[in-house]
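J.: Submitted below is the structure of interest, expressed as structure tokens.
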Amino acid sequence: MKLKIKELFERIRKALKPYQKNIIQPLLKIILIIVICMIIVHVISGHETLSQYADKNPDIAYSTSVSGEEAEP
């Protein structure tokens with residue numbers, strides 16, 4: 001079983017080798033940048049969920065938007 005899986009990965013690696021510099025490396029760099037940005041946003045945001053934000057700010061979270069003409073009496 002392990003031998004078959006190892007052979008499969010070896011075939012995939014050989015098939016993708018010509019595309020390594022043109023496609024795979026840039027794609028991995030983009031994925032790495034996305035993951036780093038996700039971690040930064042998670043740390044900066046204070047781990048607050050949308051429901052927690054709504055509980056803290058009900059006037060903003062549950063207000064309805066009104067156009068300029070409807071807002072004037």
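Bear in mind that the values in this text are calculations on the coordinates, not laboratory data. These figures come from a predicted structure and were not determined experimentally. Here the Cβ is made from the backbone with ideal geometry for all residues, glycine too, and neighbour counts use every protein chain on show.
J.: Give all pairs with beta carbons closer than 8 Å in which a residue from the stretch 1-24 that is part of a helix (DSSP H, G or I) meets a residue that is of a type in the set (Val, Ile, Thr) and surrounded by 10 or more Cβ atoms within 10 Å (Cβ to Cβ); count only pairs at least 6 apart in sequence or on separate chains.
T.: That search, which allows pairs on different chains as well, returns LEU16/ILE24.
J.: Hey, can you tell me all the residues within the stretch 40-55 that are surrounded by 10 or more Cβ atoms within 10 Å (Cβ to Cβ) and assigned to a helix (DSSP H, G or I)?
T.: ILE40, HIS42, GLN52, TYR53, ALA54, ASP55
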